[in-house]
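The values are calculated or read from the model by the stated rules, or taken from the named source; none is laboratory data. Source: prediction; values computed, not measured. Every residue, glycine among them, receives a Cβ derived from its backbone with ideal geometry; neighbour counts consider all protein chains shown.
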Amino acid sequence: MPALVRLQKFLADGGVASRRASEQMILDGRIAINGQIVKELGTKVEPGRDRVSVDGKPVNVKRKVYLALNKPRGMVCSRKDEHQRPRIYDLLPREWEHLHSVGRLDYNSEGLIFLTNDGEFSLRLTHPRYGVRKKYIAVVEGLVSPDLLREFCVGIYHEGDRLKAERARLISSTSGQSTVELELAEGKYREVRRLFESRGRTMKRLVRVQIGKIKLGELRPGKWRTLTETEIKSLLS
């Protein structure tokens, strides 16, 4: 019997999008198999035999690539930017411009971010149900009290979202600023910044230093490296 795979998995493996995003593309009628539009999520394909296309363009399963990059401040993670700001993709070789970022860091944030063409890998690292932890170093104006950090670990509500740190500790503090280490599991939009902003604190610097067991280490701003097989397995375990 031929090896059949679900269409959304095929698209994720082909680097088109995450499995969840691929499902929406199927429902939107953007995917065709052998020239016929399909909208059924249970549809299966035979890799190497069936011709799959997205918006009329063929999908070719590529070798899977996994990169760790130290995003500098002042760059966007979007593939296109209406303000023509520098992109993290400008730091990569041209043959890797098809990769997508696993989650995002906003324009003013720095640190560790992964890029890949493996949609399943992206899903495993970004969906809340997997709870992959991410560690940040935040520098904020003013004195941060232990009570405030305990409040973050209990969880707060901000603009309809429940924001929560799994762990938070004060690294250093002066009358002018405080340096805090936070560990998060869900990674909601601008979650670290929103935690402090909800309590009237201004963020001066935010660096993501770890995802799962992978640390930023000595990777310099603007530089990238490939993840090892052991590192990839540790992120998926």
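Just a few scattered comments:
- Of the strands (runs of 3 or more DSSP E) lying entirely inside the range 110-208, those containing at least 2 residues that are under 30 Å from Y66 (Cα atoms) are 110-116, 134-141, 167-173, 177-184.
- R49 vs. criteria touching a helix residue (DSSP H, G or I) at 6+ places or on another chain (Cβ under 8 Å) and either outside any helix (DSSP H, G or I) or assigned by TED's automatic domain parsing to the domain that holds R205 (or both): no
- Whichever residue in the range 43-95 is modelled with pLDDT of 90 or more and among the hydroxyl-bearing types (S, T, Y) and, among such residues, is farthest from K9 (Cα to Cα): Y89
Residue by residue, here is whether (1) more than 23 Å from R205 (Cβ to Cβ); (2) touching a Phe, Trp or Tyr at 6+ places or on another chain (Cβ under 7 Å); (3) buried (at least 17 other Cβ atoms within 10 Å of the Cβ); (4) charged (D, E, K, R) holds:
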| residue | (1), (2), (3), (4) |
| --- | --- |
| D81 | no, no, no, yes |
| D90 | no, no, no, yes |
| H98 | yes, no, no, no |
| E110 | no, no, yes, yes |
| R124 | yes, yes, yes, yes |
| H127 | yes, no, no, no |
| G155 | yes, no, no, no |
| R169 | no, no, no, yes |
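- Sole residue being modelled with pLDDT of 95 or more, in contact with an Asp or Glu (Cβ under 8 Å, 6 or more places away or on another chain), among the acidic types (D, E) and farther than 17 Å from G103 by Cα, chosen from E166, E181, E151: E166
- Cross-chain or 6+ apart pairs with Cβ under 9 Å, the range 13-26 first and within 17 Å of G42 (Cβ to Cβ), then among the hydroxyl-bearing types (S, T, Y): R19/S122; I26/T43
- Considered as a group, the residues in the range 129-145 that are under 15 Å from R104 (Cα atoms) and not β-branched (V, I, T) include one that is surrounded by the fewest Cβ atoms within 10 Å (Cβ to Cβ), and that residue is R133.
- Yes/no for V207 being in the same structural domain as I137 (by TED's automatic domain parsing), under 18 Å from L125 (Cβ atoms) and among the hydrophobic types (A, V, I, L, M, F, W, C): no
- Test: residue in the range 67-86 that is of a type in the set (D, E) and part of a helix (DSSP H, G or I): no
- Only one of the listed residues (L69, L105) is among the aliphatic types (A, V, I, L, M), in contact with a helix residue (DSSP H, G or I) (Cβ under 8 Å, 6 or more places away or on another chain), surrounded by 20 or more Cβ atoms within 10 Å (Cβ to Cβ) and under 28 Å from Y136 (Cα atoms). That residue is L69.
- Taken across the range 96-112, residues that are over 19 Å from R20 (Cα atoms), of a type in the set (A, V, I, L, M, F, W, C) and under 13 Å from the mean Cα position of the chain (by Cα) do occur, with at least one present.
- For D50, the criteria (1) closer than 16 Å to E120 by Cβ; (2) free of Cβ contacts under 8 Å to residues at least 40 places away in the same chain; (3) not polar (S, T, N, Q) hold in every case but one, which is (1).
- One residue alone among A165, A185 is crowded, with 17+ Cβ neighbours inside 10 Å and not assigned by TED's automatic domain parsing to the domain that holds Y107, and that residue is A165.
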